[in-house]
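Working notes for the structure below.
Each reported figure results from applying straightforward, stated rules to the coordinates on display, with no laboratory input. These figures come from a predicted structure and were not determined experimentally. No Cβ is skipped: glycine too gets one built from the backbone with ideal geometry, and neighbour counts run over all protein chains shown.
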Amino acid sequence: MDLKEKNSDKRNNERIDLSFTISLPGQDGETKNISASGVYFEIITDDIEAFAPGTIIPIQITATTTTSGFEEREIKLKGEGCIVRNNVDEVTAHGNRLGVALEFKNKLNILPGLI
């Protein structure tokens, strides 16, 4: 099986498994993987409809740089994306653990003064 056949989904960019805080209107979640074109994250919510495919939502991703020999810095990336799909991973006492795939509408912006 060649690589193209193995990865026959529609992804154009390599995904990297990284855990960052992702802030959405009114709540925070955690990224599971990220690429130049999108992000997959988990969030606990009772409002599954707010994450319906086709919905455009604003996001902010907070990452910490850890370069050897340099001080750690927090970087915030801001933009918006379109929800491509979602799935309920688990039902908890606090709400549904929802996995959400989001495609960035444009390049994310680095918030001023943070780097």
- Note on the structure: For the stretch 12-72, listing chymotrypsin sites (Phe, Trp or Tyr not before Pro) in a DSSP loop whose Cβ sees at most 10 other Cβ atoms within 10 Å gives Phe70
- Note on the structure: Each label sits 7 Å from Cα toward the beta-carbon; between Asn33 and Glu14 the label points are separated, in nm, by 1.3 nm
- Query: Among Asn12, Asn33, Asn87, whose mean-square fluctuation peaks in a Gaussian network model of the chain (Cα, cutoff 10 Å)?
  - Reply: Asn12
- Task: May I ask for the net charge around Pro112, where only other residues with Cβ less than 15 Å from the Cβ of Pro112 are counted and Lys, Arg are +1 while Asp, Glu are -1?
- Result: +2
- Query: When Glu42, Glu14 are ordered from fewest to most other Cβ atoms inside 10 Å of their Cβ, what list results?
  - Reply: Glu14, Glu42
- Query: Given the alpha-carbon gyration tensor of the chain, what are the semi-axes of its equivalent ellipsoid in whole angstrom, ordered largest first, with each equal to the square root of 5 times an eigenvalue?
  - Reply: 24, 21, 14
- Query: So which trypsin sites (Lys or Arg not before Pro) in the stretch 11-115 end up in coil per DSSP with only 16 or fewer other C-beta atoms within 10 Å?
  - Reply: Arg11, Arg15, Lys105, Lys107
- Query: Across the chain, how many lysine pairs, 8 or more apart or on two chains, come within less than 25 Å at their alpha-carbon atoms?
  - Reply: 14
